[in-house]
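Down below is the structure, laid out as structure tokens.
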Amino acid sequence: MELLKAEGVSKNFDSLYAVQNVSLSVSGGERRAIIGPNGAGKTTLFNLLAGELEPCSGRIYLFGQDVTTTPVHQRVHLGLARTFQIMNLIPNLSVLDNVKLAIQAIKPFRFGMFRSQNAYTSLLDEAQSLLDRWGLWGKRQDLMQELSYGQQRRVELIMALASKPKILLLDEPTSGLSEAAAASFLDMIRELGRDITVVIVEHDMDVVFDLADYITVLHHGEVIAEGTGREIKDNHMVKEIYLGEES
Amino acid sequence: MVNILSRAQLMRYGAYVLVGLAVFLIVPQFIASYYVLIWAEILIYAIFALSFNMLMGYTGLLSLGHAAFFGAGGYTVALLVVKGGMDNFWLCIFIALLVSALLGLVFGYLALRTTGIYFIIITLALAQMLWALAWRWRSLTGGDDGLPGIDRPDFGLPWSLEDTTNYYYFILVFFVLSLFILYRISRSPFGRTLVGIRENEPRMQALGYNTWRYKYVCFIIAAVFGGLAGVLKVYQDGFISPTYCSMMTSALVVLMALIGGTRVFTGPILGAGVVWIIKSVVSSYTEYWTLILGILMVVIVMFAPQGIVGYLAQLKERYGTLKG
């Protein structure tokens with residue numbers, strides 16, 4: 001079943017076409033990578049899928065439902081979660097508070113006004129099980145900004161998982177990470193069950209080849225190739241873009 | 001468990017509350033009624049500043065027009081009593097709070113379409129419109145002459161509220177109630193979400209929060225409690241003038257919150273006390289009281305930008321381990 005589908009999606013900023021007539025469809029449980037050189041329109045496409053931007057033309061479907069104009073926060077409730085390329089957390093709150101806010105976002109009591117947040121013990125329990133699972137429970141009292149870059153990335157993923165998404169969008173998750181931190185982050189992704197579909201936008205091809213089942217290649221805002229890792233590796237257009245421009 | 005208070009902590013908080021209550025209940029019996037009057041006014045402005053700080057401190061929205069609601073509450077009661085001849089206090093306060101909420105509904109809807117500097121300007125402009133209405137619509141509001149003749153509520157009790165000390169206790173009830181409600185809200189899932197919005201609104205949206213709705217509801221809550229402060233003040237003064245919704249009043253509440261500290265719940269209460277004492281007590285000794293207020297503000301901004309209570313909390317954190 002197609003969980004996420006884009007149909008002829010275009011987005012231009014003034015006269016510049018960032019994304020042009022892009023169609024793609026991601027099925028349940030898939031690990032999809034969207035790659036392309038700098039300026040290929042990856043992040044724009046990502047923001048269109050997440051709902052941060054609205055396309056100028058074309059449609060986007062989530063679980064078969066047209067979400068082209070659905071705002072970000074509603075897409076989360078449908079089962080879509082995302083991470084950010086530039087670290088985007090709440091630096092002045094503790095790790096636990098960050099995770100609690102993430103869990104609370106889809107709870108019916110999120111508008112609750114009269115009971116203390118601490119009285120909702122399920123919140124703490126869920127936060128504990130998430131932080132425990134990824135080995136960060138010991139850091140719960142630390143302010144977010146006191147964590148290392150790699151740890152912050154992991155908390156960010158935990159926060160994305162807190163809404164129990166069916167689709168997880170990752171925007172260049174390993175950018176800025178050391179090799180070791182990147183490897184441990186990718187291990188986290190590998191450990192996710194297949195009940196979560198992952199769409200990952202990456203600049204670095206090596207990162208995605210062993211992670212993705214299927215790869216979409218963008219160039220100048222257009223899809224120029226699509227296929228399995230092997231197919232993409234052998235695709236001469238892709239080779240040209242990635243190697244040709246440098247040589 | 002990290003979030004449950006220990007027994008010792010609970011007892012300490014209990015002791016704070018008891019001492020606080022004792023001071024607020026007993027001391028007014030032993031001081032001159034002039035000071036009781038000032039104290040009562042401080043409580044009113046504390047409610048006003050607390051309501052303002054739900055926007056400023058918790059949600060990060062700087063409104064320069066919070067006096068609009070102070071005026072809305074005050075003028076509603078004044079008009080009902082003076083022009084409408086209504087003497088049922090509960091009905092008056094109910095209508096006044098309703099009007100404040102409706103005004104918050106409209107002003108919030110308009111102001112929250114903008115952010116940052118535009119939000120500041122539009123809140124200022126909306127409040128100035130209300131002020132102009134109070135100023136120019138002489139036949140209704142009495143213009144700058146104001147509306148006199150607002151009697152304090154009479155519940156047929158042996159204690160007349162015309163007595164300053166009795167009215168002080170009356171205000172104290174509303175103060176404690178407001179403090180309790182706003183404190184609960186600040187700790188609730190809703191209140192925690194406001195903090196998240198203050199710190200990083202786009203992130204909260206990406207987590208699935210409809211942040212606009214939170215800001216809107218918060219704006220209306222602030223409007224209602226701002227209106228309540230206006231109601232209490234107008235009964236205290238027995239008189240209303242356009243000053244209630246003037247820029248001066250809006251600025252005063254910003255100063256109260258900033259001087260006391262916006263990031264600590266109790267900050268605006270102390271801020272209200274400090275500012276009001278300077279405005280009422282110091283001004284009776286020197287006409288340069290605004291100079292003193294200004295210097296204080298500069299000192300705070302330079303040396304304790306987190307406000308007095310914020311500064312004390314920081315000191316306690318730093319030296320807390322020494323005291324054990």
Given A:S27, A:S94, A:S122, which one is more than 20 Å from the chain's Cα centre (by Cα) and either modelled with pLDDT under 90 or surrounded by fewer than 16 Cβ atoms within 10 Å (Cβ to Cβ) (or both)? A:S122
What do you reckon, is B:I117 surrounded by fewer than 21 Cβ atoms within 10 Å (Cβ to Cβ) and free of Cβ contacts under 8 Å to residues at least 40 places away in the same chain? yes
Step by step: first the residues of segment B:240-285, then only those that are among the small types (G, A, S) and not in a helix (DSSP H, G or I), then the one that is farthest from B:F303 (Cα to Cα). Which residue is that? B:S241
Scanning segment A:33-73 for residues that are surrounded by fewer than 16 Cβ atoms within 10 Å (Cβ to Cβ) and either over 19 Å from A:V208 (Cβ atoms) or outside the structural domain of A:M205 (by the TED database) (or both) gives A:E54, A:C56, A:S57, A:R59, A:G64, A:Q65, A:D66, A:T69, A:P71
Enumerate the pairs (first residue in segment B:283-309 and polar (S, T, N, Q); second residue anywhere and outside any helix (DSSP H, G or I)) with beta-carbon separation below 7 Å, excluding pairs fewer than 6 apart on the same chain, so at least 6 apart or on different chains. B:Q306/B:G261; B:Q306/B:R263
Taking segment A:55-69 and keeping only residues that are touching a residue at least 24 places away in the same chain (Cβ under 8 Å) and outside any strand (DSSP E or B), one is left with A:P55, A:C56, A:F63, A:G64
For segment A:214-230, indicate whether the set of residues that are at positive phi, over 15 Å from the mean Cα position of the chain (by Cα), assigned to a loop (DSSP other than H, G, I, E, B) and more than 13 Å from chain B (Cβ to nearest Cβ) is non-empty. yes
B:K233 passes all but one of the listed conditions (1) part of a helix (DSSP H, G or I); (2) among the charged types (D, E, K, R); (3) at pLDDT below 95; the exception is number (3)
Criterion (under 30 Å from A:S27 (Cβ atoms), crowded, with 16+ Cβ neighbours inside 10 Å and outside the structural domain of A:A6 (by the TED database)) met by exactly one of A:A105, A:A127: A:A105
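Tell me, please, whether a residue that is under 17 Å from B:Q205 (Cβ atoms), at pLDDT 90 or above and either more than 9 Å from every other protein chain (Cβ to nearest Cβ) or touching a helix residue (DSSP H, G or I) at 6+ places or on another chain (Cβ under 7 Å) (or both) can be found in segment A:31-38. Explain how you work it out, then say what you get.
Keep residues of segment A:31-38 that are under 17 Å from B:Q205 (Cβ atoms), which gives none.
No, there is no match, as no residue in segment A:31-38 is under 17 Å from B:Q205 (Cβ atoms), at pLDDT 90 or above and either more than 9 Å from every other protein chain (Cβ to nearest Cβ) or touching a helix residue (DSSP H, G or I) at 6+ places or on another chain (Cβ under 7 Å) (or both).
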Among the residues of segment A:70-91, write down those that are of a type in the set (V, I, T), part of a loop (DSSP other than H, G, I, E, B) and at the interface with another protein chain (Cβ under 7 Å from one of its Cβ atoms). A:I90
Scope segment B:193-213; condition within 10 Å of chain A (Cβ to nearest Cβ) and under 20 Å from the mean Cα position of the chain (by Cα); matching residues: B:V195, B:R198
Enumeration of residues in segment B:125-164 that are crowded, with 19+ Cβ neighbours inside 10 Å and among the aliphatic types (A, V, I, L, M): B:L126, B:A127, B:L130, B:A134, B:L147, B:I150, B:L161
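Tally up the residues in segment A:115-172 that are among the acidic types (D, E), assigned to a loop (DSSP other than H, G, I, E, B) and under 10 Å from A:V95 (Cα atoms), please. Break it down into steps so the answer makes sense when it comes.
Looking only at segment A:115-172, we keep the residues that are among the acidic types (D, E), and these are A:125-126, A:132, A:142, A:146, A:156, A:171-172.
From what's left, assigned to a loop (DSSP other than H, G, I, E, B): A:142, A:172.
In the following step, the residues that additionally are under 10 Å from A:V95 (Cα atoms) were identified as A:142.
Qualifying residue count for the region: 1.
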Residue match in segment B:167-190 (condition: under 15 Å from A:A102 (Cα atoms) and either more than 10 Å from chain A (Cβ to nearest Cβ) or among the aromatic types (F, W, Y) (or both)): yes
Going through (1) in contact with a helix residue (DSSP H, G or I) (Cβ under 7 Å, 6 or more places away or on another chain); (2) surrounded by fewer than 24 Cβ atoms within 10 Å (Cβ to Cβ); (3) away from chain A (no Cβ under 13 Å) one by one, B:G238 fails only at (1)
Apart from one, (1) under 30 Å from B:P148 (Cβ atoms); (2) within 14 Å of chain A (Cβ to nearest Cβ) all hold for B:K233; the odd one out is (2)
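Matching residues to (1) touching a Leu at 6+ places or on another chain (Cβ under 6 Å); (2) of a type in the set (G, A, S):
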| position | (1), (2) |
| --- | --- |
| B:I150 | no, no |
| B:F155 | no, no |
| B:T164 | yes, no |
| B:F170 | yes, no |
| B:V173 | no, no |
| B:S178 | no, yes |
| B:L182 | yes, no |
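Could you go through segment B:216-228 and let me know if any residue there is assigned to a helix (DSSP H, G or I), touching a Cys at 6+ places or on another chain (Cβ under 7 Å) and either under 28 Å from B:M297 (Cβ atoms) or away from every other protein chain (no Cβ under 14 Å) (or both). Step through it out loud before you land on a result.
Going residue by residue through segment B:216-228, those that are assigned to a helix (DSSP H, G or I) are B:216-228.
Checking the rest, the ones that are also touching a Cys at 6+ places or on another chain (Cβ under 7 Å) come to none.
Within segment B:216-228 (the criterion being assigned to a helix (DSSP H, G or I), touching a Cys at 6+ places or on another chain (Cβ under 7 Å) and either under 28 Å from B:M297 (Cβ atoms) or away from every other protein chain (no Cβ under 14 Å) (or both)), the answer is no, since none of the residues qualifies.
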Among the residues of segment A:173-198, count how many are over 14 Å from the mean Cα position of the chain (by Cα) and part of a loop (DSSP other than H, G, I, E, B). 6
If you go through A:Q145, A:Q152, A:Q104, the only one that is within 22 Å of the chain's Cα centre (by Cα), within 10 Å of chain B (Cβ to nearest Cβ) and among the polar types (S, T, N, Q) is A:Q104
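The values are calculated or read from the model by the stated rules, or taken from the named source; none is laboratory data. Computed from a predicted model, the values in this text were never measured in an experiment. Positions of Cβ are generated from backbone atoms using ideal geometry, with glycine treated the same way; all protein chains shown enter the neighbour counts.
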